[in-house]
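K.L.:
Dropping a structure here in structure tokens format, bear with me for questions.
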Amino acid sequence: LAALVLARGGSKGIPLKNIKLLAGVPLIGWVLRAAIDAGVFHSIWVSTDHDEIEKVAKQFGAQVHRRSPEVSQDSSTSLEAITEFLNHHREVDIVGNIQATSPCLHPSDLIKVADLIQKEGFDSVFSVVRRHQFRWSEVKKGENKMTEPQNLNPAKRYRRQDWPGELYENGSFYFAKRHLIEKGYLQGGKMAYYEMRAEHSVDIDIDIDWPIAEQRVLSFGYFGKEPLKEVRLLVCSIDGCLTNGRIYVTEDHKEMVSYDYRDIVGIDLLKKRGIQVRLISDRDCSKTLSAMQLGCVAKVNVTNKLQVLKDWQEDMGLSWKEVAYLGNEESDVECLKQAGMSGVPADACAAAQKAAGYICKSRGGCGAVREFAEHIFLLLEKVNSARKQ
């Protein structure tokens with residue numbers, strides 16, 4: 001059983017949409033995370049024709065199939081791309097085609113679908129969502145006729161709670177056995193549908209408004225195997241996160257740095273929510289910190305940031321899930337990997353971006369701290385919502 005995500009580089013709507021950041025994570029990363037954590041696939045693949053998509057796919061632990069130009073056209077179908085993949089991978093008996101544009105997919109859905117096709121003998125299984133929408137016949141311009149109801153009696157309209165609704169494909173995934181695909185079908189043979197929860201049925205092809213899609217993902221997306229916990233500590237690298245990393249030197253050898261007032265507001269908001277903010281730096285910038293008057297515990301001239309982070313975590317009696325870290329350099333990478341919630345500014349180095357769970361839209365010293373604070377607040381809302389449920 002192989003998971004296959006089709007991610008062509010071309011996009012008529014949003015350039016390189018498949019790796020555009022959605023709530024700080026490349027779009028394709030959301031479904032790859034769910035596929036990996038499901039634990040039911042013998043291999044997980046991304047079929048692409050683009051170098052950057054290949055890079056992101058490998059960062060998330062997927063293997064890459066470089067598709068040919070023949071199946072990378074605007075007119076190319078999913079079936080053509082899947083067939084090409086199977087021609088190169090004779091070991092695959094079943095393909096789980098997962099759509100990159102469905103970021104609210106959860107591992108539990110994939111586990112149940114794998115059982116349907118592997119244990120219950122179905123040849124194909126596809127995802128659907130239940131909708132309560134009344135349909136009417138289309139009347140084309142110039143036609144002299146009335147519209148007709150398709151699934152209701154206007155004289156006796158159902159209340160939502162009295163009508164079971166109808167099932168629609170939501171495009172999240174299509175599982176099919178090899179013999180079916182080789183005959184030219186993604187759906188056929190002994191078929192079954194899998195009904196997904198409405199809140200998990202998010203399709204970026206339809207939800208074109210990216211901010212709305214981000215809110216949906218933050219509320220209903222899958223964030224990993226372990227449950228989220230409230231963040232109690234944020235550790236922020238000073239140079240390149242709180243500041244833009246530039247150091248201005250005067251003629252009398254005094255150093256000056258600049259910072260964004262929005263980030264100071266972000267730190268104050270975190271403190272008001274009961275989250276401690278501590279600062280860390282590779283260099284000795286104690287005079288700068290004194291001038292900024294942030295009122296935060298700080299450690300400067302640090303040679304081993306991870307050890308300092310561990311000391312703070314242990315002193316406060318926190319689990320790693322309760323620690324957030326904002327960094328931007330290679331010296332921050334191990335801290336980013338260890339913290340339960342991690343982020344980097346938009347201009348962080350490649351190694352830091354690869355290790356982070358959230359990539360800010362803002363650059364260092366230009367609102368990245370405030371943005372990461374807002375991200376923390378949104379996830380805290382998700383934690384509180386889960387507790388109420």
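The values are calculated or read from the model by the stated rules, or taken from the named source; none is laboratory data. All figures in this text were calculated on a predicted structure; none of them were measured in a lab. Cβ coordinates were reconstructed from backbone atoms using ideal geometry, including for glycine residues, and neighbour counts include every protein chain displayed. The protein model used for the area step is the full one, side chains on, heavy atoms only, and it has no ligands, DNA or RNA in it. Shrake-Rupley method; radii C 1.70, N 1.55, O 1.52, S 1.80 Å.
K.L.:
Could you tell me how far the Cα centroid of the range 96-126 sits from the Cα centroid of the range 291-357, in Å?
P.N.:
37 Å
K.L.:
I would also like to ask the following. What percent antiparallel are the DSSP beta bridges of the chain, to the nearest 5?
P.N.:
35 percent
K.L.:
In addition: Taking amide H atoms as placed 1.01 Å from N in the peptide plane, list the residues 5 or more away in sequence, or in a different chain, whose amide H sits under 5 Å from that of ALA100.
P.N.:
For ALA100, the qualifying residues are LEU6.
K.L.:
Now for a different question. Could you do me a favour and compute the accessible area per residue for the range 233-387, 1.4 Å probe, result in Å²?
P.N.:
I get 48 Å² per residue for this part.
K.L.:
Calculate I(q)/I(0) for the range 233-387 by the Debye formula, one identical point scatterer on each C-alpha and no solvent, and give its log10 at q = 0.08, 0.09, 0.17 Å⁻¹ to two decimals.
P.N.:
After summing over all Cα pairs, the log10 values are -0.20, -0.26, -0.94.
K.L.:
At a Förster distance of 25 Å, what's the computed FRET efficiency of GLU330 paired with GLU255, Cβ-Cβ distance as r, to 0.05?
P.N.:
0.65
K.L.:
Lys and Arg at +1, Asp and Glu at -1: add these up for the other residues within a Cβ distance under 12 Å of VAL265 and post the number.
P.N.:
Residues near VAL265 contribute -1 overall.
K.L.:
On the accessible surface of the chain, probed at 1.4 Å, how many percent belong to carbon and sulfur atoms?
P.N.:
That fraction is 47 percent.
K.L.:
Still on this structure, please answer the following. So what is the calculated 222 nm ellipticity per residue for the chain, using -39500 (n - 2.57) for each DSSP H run with n of 4 or more, over all residues, to the nearest 500 deg cm²/dmol?
P.N.:
-9500 deg cm²/dmol
K.L.:
Could you sort the peptides 36-42, 53-59, 161-167, 102-108 by per-residue average Cβ neighbour count (10 Å cutoff), highest mean leading?
P.N.:
102-108, 53-59, 36-42, 161-167
K.L.:
Hey, another quick one. Which order do peptides 242-252, 60-70 fall in by mean Cβ count within 10 Å, highest first?
P.N.:
Going by the mean number of other Cβ atoms within 10 Å, highest first, we get 60-70, 242-252.
K.L.:
A further question on this structure: Between the helical axis of 27-38 and the dominant principal axis of the chain, each derived from Cα atoms, what acute angle in degrees is found, rounded to the nearest 10?
P.N.:
So the inclination is approximately 80 degrees.
K.L.:
Packing-wise, with mean Cβ within 10 Å as the measure, how do 328-335, 298-305 rank, highest first?
P.N.:
Put in order of decreasing packing, that is 328-335, 298-305.
K.L.:
Take the Cα of SER319, step 7 Å along the line toward its Cβ, and report every residue of the range 18-39 whose backbone nitrogen sits under 20 Å from that point.
P.N.:
Counting only backbone N, you get 37-38.
K.L.:
Suppose the chain between LEU21 and ASP268 were pulled fully straight at 0.36 nm per residue; how much longer would it get relative to their current alpha carbon spacing?
P.N.:
That works out to 86.2 nm of additional length.
K.L.:
Hey, of [x] 79, 59, 37; [y] 82, 55, 46; [z] 66, 52, 43, which did the structure itself give for Cα extents along the principal axes in Å when calculated?
P.N.:
Among [x] 79, 59, 37; [y] 82, 55, 46; [z] 66, 52, 43, the one derived from this structure is [y].
K.L.:
What is the extension gain from THR83 to SER43, computed as 0.36 nm multiplied by their sequence separation minus the C-alpha to C-alpha distance, in nm to one decimal?
P.N.:
Gain in length upon complete extension: 12.7 nm.
K.L.:
Separate question: Considering only Cα-Cα distances, which of the following residue pairs are longer than 32 Å: LYS177/LYS321; LYS310/LYS354; LYS58/LYS177?
P.N.:
Pairs exceeding the cut-off: LYS177/LYS321.
K.L.:
Test of understanding: what is the full-extension gain from MET146 to ARG159, defined as 0.36 nm times their sequence separation minus their Cα-Cα distance?
P.N.:
2.2 nm
K.L.:
Mind listing the long-range amide H neighbours of TRP136? Cut-off is under 5 Å, sequence gap 5 or more, other chains count too, H placed in the peptide plane at 1.01 Å from N.
P.N.:
Sorted by chain and number, the residues that satisfy this are GLN150.
K.L.:
If you take every residue apart from SER76 with its C-beta less than 9 Å away from the C-beta of SER76, what net charge results, scoring Lys and Arg +1 and Asp and Glu -1?
P.N.:
Charge balance near SER76 sits at -1.
K.L.:
Got the relative contact order for the range 233-387 handy, in percent, Cα pairs under 8 Å and 6 or more residues apart?
P.N.:
Relative contact order for the range 233-387 comes out at 28 percent.
K.L.:
Still on this structure: Once amide H atoms are placed 1.01 Å from N in the peptide plane, what residues at a sequence separation of 5 or more from GLY221, or on another chain, have their amide H within under 5 Å of its amide H?
P.N.:
Amide H neighbours of GLY221: none.
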